[in-house]
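Everything below concerns the one structure shown next.
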């Protein structure tokens, strides 16, 4: 059994007058509960970053007998054996972001412009890690021909 949500709900958590969801990529809007119960699942709390893309690999490899490498069919990994990630690739209705432990690189899906932000959605000086951005763009088109 897996129970989760699709987004958080901000209630002006960062004092920038954001209410609801789909308006930024701060923790208040991107962190959601994810509960797993089933055979082989040890009770506890995971501290590694995980995501919804990890659900399919977990179910397919642990419970449905798929033996292919996860990279054949998903950009996720096994929720019960999470691997450290340099960033999380997230999307809203129109934009996407690379969210790391230190900052947010928010990219406009309409014009390609970007903002480098701190974890509370304030602009910060500096340049994004363009290598990470290139990796993420490759990840987004991984299964397209």
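Every read-out reported here was derived from the displayed coordinates using simple, explicitly stated rules and does not represent laboratory data. Everything quoted here is computed from the prediction, not taken from an experiment. Every residue, glycine as well, gets a Cβ built from its backbone with ideal geometry; the counts of neighbours run over all protein chains shown.
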Two-site label geometry, residue 19 and residue 81: point separation in nm, points 7 Å out along Cα→Cβ: 4.7
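Using the C-alpha atoms of the range 2-140, what convex hull volume per residue, in cubic angstrom, is computed?
Values: hull volume 17.3 nm³, N = 139.
Cα convex hull per residue, to the nearest whole number: 124 Å³.
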Ranked by how many other beta carbons lie within 10 Å on average, peptides 87-96, 4-13 from highest: 87-96, 4-13
Please compute the contact order of the chain in relative form: average sequence separation of alpha-carbon pairs under 8 Å and at least six residues apart, divided by the residue count, as a percent. 17
Helix axis angle, 130-140 relative to the chain longest principal axis, alpha carbon, degrees: 50
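Given a Förster distance of 30 angstrom, what is the FRET efficiency for residue 52 paired with residue 127, based on the Cβ-Cβ distance and rounded to 0.05? Mind dumping the intermediate values first?
Working: r = 29 Å, r/R0 = 0.98.
The computed FRET efficiency comes out at 0.55.
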FRET efficiency (residue 37, residue 101; Cβ distance; R0 35 Å; to 0.05) is 0.80
Could you give the distance between the Cα centres of the range 1-51 and the range 83-125, to the whole Å? 16
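Tell me, what is the FRET efficiency for residue 135 and residue 110 to the nearest 0.05, using R0 = 30 angstrom and their Cβ-Cβ distance as r? Don't skip to the answer; put the middle values down first.
On the way: r = 22 Å, r/R0 = 0.74.
It comes to 0.85.
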